[in-house]
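A.B. asks: Following this message is one structure expressed as structure tokens.
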Amino acid sequence: MEIIPAIDLIDGKCVRLTQGDYAQKKEYSDDPVAIAQQFAHAGIRRLHVVDLDGAKAKQLVNLPVVEAICKNTSLKVDFGGGIRREEDVEAVLNAGVQQVTAGSIAAREPERVMKWISRFGSDKIILGADVINMQIAVHGWQEQSSWELFEFLEMYLSRGVQYTICTDVNKDGMMSGPATQLYRQVISHFPQLKLIASGGVAELDDLHRLQEVGVYGAIVGKAFYEGAISMEALAGFINS
């Protein structure tokens with residue numbers, strides 16, 4: 001299982017939100033590149049970066065920060081937030097990002113995302129599936145779409161999508177444990193999917209539980225920044 005730390009960006013700084021609420025923002029570092037380098041030095045291979053400014057503005061804002069991370073580490077970076085046009089996808093990939101995450105836009109404008117998959121390849125697009133009560137959430141998780149989770153995944157899998165970041169919104173930033181039952185259901189229905197779990201990781205045992213469930217990767221955010229899981233513990237998990 002891949003351990004995938006998260007860096008969320010506002011004003012070029014590393015922050016975390018609780019359940020996507022910008023009013024519940026906490027800053028952790030004004031040097032995201034240094035944080036990324038720490039992850040790389042610990043043996044971590046992947047990094048999940050979200051441009052929260054971009055998500056709110058509906059355009060790329062923190063791309064220079066992401067480009068600096070890509071240039072100064074060997075991490076395979078996936079990036080989301082503010083990506084609306086094909087030109088945005090191209091700019092992000094040209095900056096050194098390995099994969100682009102399509103979240104709300106995948107629910108609102110699936111045909112647009114299908115064109116991205118066709119042009120850039122299914123391995124370059126990660127589907128963002130943010131879930132509230134088995135329904136896909138959009139607009140910064142403030143509302144539910146008409147998409148049911150399995151219907152949403154089935155549609156995109158039929159178009160070649162290989163990777164999905166699945167976030168149980170009720171778990172995000174709460175450090176209350178991941179949605180293991182949800183992930184079991186998804187893997188049971190779609191065993192070919194490379195499922196990346198996001199939200200709720202609070203301790204090292206949570207990562208062991210996710211590994212047992214069979215997810216492809218697990219995103220670790222607040223638990224690391226709050227010191228509940230140390231860099232040494234992450235490195236030990238990777239090397240165990």
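Each reported figure results from applying straightforward, stated rules to the coordinates on display, with no laboratory input. Bear in mind the structure is a predicted one, so any value in this text is a computation, not a measurement. Heads up, the Cβs are rebuilt from the backbone with ideal geometry, glycines too, and the neighbour counts pull from every protein chain shown.
A.B. asks: Could you go through the stretch 196-201 in sequence order and give the Karplus-derived ³J(HN,Hα) for each residue, using 6.51 cos²θ - 1.76 cosθ + 1.60 with θ = phi - 60°, rounded to whole Hz, and x for Gly and Pro?
C.D. replies: 10, 7, 9, x, x, 4
A.B. asks: Another question about this same structure. Take every DSSP beta bridge with both residues inside the chain and express the antiparallel ones as a percent of the total, to the nearest 5.
C.D. replies: Close to 30 percent.
A.B. asks: Shifting gears a bit: Less than 10 Å Cβ to Cβ from Leu63, Lys/Arg counted +1 and Asp/Glu -1: what total charge do the surrounding residues give?
C.D. replies: Neighbour charge sum, excluding Leu63 itself: -3.
A.B. asks: Once amide H atoms are built 1.01 Å from N in the peptide plane, which residues 5 or more positions from Ser176, or in another chain, come under 5 Å H to H?
C.D. replies: Amide H neighbours of Ser176, under 5 Å, 5+ apart: Gly200.
A.B. asks: Non-local amide H neighbours of Asp8 (under 5 Å, H modeled in plane, Pro and chain starts lacking H): which ones?
C.D. replies: Those qualifying (amide H under 5 Å, at least 5 residues apart or on another chain) are Val15, Val50.
A.B. asks: Given a Förster distance of 22 Å, report the FRET efficiency between Ser230 and Arg45 from their Cβ-Cβ distance, rounded to the nearest 0.05.
C.D. replies: In this case the efficiency is close to 0.75.
A.B. asks: Can you compute the helix-only [θ] at 222 nm over the chain? Use -39500 (n - 2.57) per DSSP H run of at least 4 residues, normalise by all residues, nearest 500 deg cm²/dmol.
C.D. replies: Dividing the helical sum by the residues of the chain leaves -10500 deg cm²/dmol.
A.B. asks: Compute log10 of I(q)/I(0) for the stretch 1-130 with the Debye formula, placing one identical point scatterer on every Cα and leaving out solvent, at q = 0.10, 0.12, 0.17, 0.19 Å⁻¹, to two decimals.
C.D. replies: Debye curve over Cα of the stretch 1-130, log10 I(q)/I(0) at q = 0.10, 0.12, 0.17, 0.19 Å⁻¹: -0.29, -0.42, -0.86, -1.07.
A.B. asks: For the stretch 2-239, give the magnitude of the charge dipole about the Cα centre (Cβ charges: +1 Lys/Arg, -1 Asp/Glu; no others), in debye to the nearest 20.
C.D. replies: It works out to roughly 380 debye.
A.B. asks: Could you give the length gained on full extension between Asp11 and Asn133, defined as 0.36 nm per residue of separation minus the Cα-Cα distance, in nm?
C.D. replies: Roughly 40.7 nm would be gained on extension.
A.B. asks: Related question: Tell me which label goes with the value of semi-axes √(5λ) of the Cα gyration tensor in Å computed from the coordinates here: [x] 30, 19, 16; [y] 24, 22, 17; [z] 33, 18, 17.
C.D. replies: Identified label for the calculated read-out: [y].
A.B. asks: Could you grab the relative contact order for the chain? Cα pairs under 8 Å, six or more apart, rounded to a whole percent.
C.D. replies: That works out to 19 percent.
A.B. asks: Now for a separate question. Just going by the charge dipole of the chain, with Lys and Arg at +1 and Asp and Glu at -1 on Cβ, which of Ala36, Leu127, Ile4 is farthest out on the positive end?
C.D. replies: Of the candidates, Leu127 comes out farthest on the positive side.
A.B. asks: Further question: Amide H to amide H under 5 Å from Val61: which residues, 5+ apart in sequence or cross-chain, H placed 1.01 Å off N in plane?
C.D. replies: Gly54
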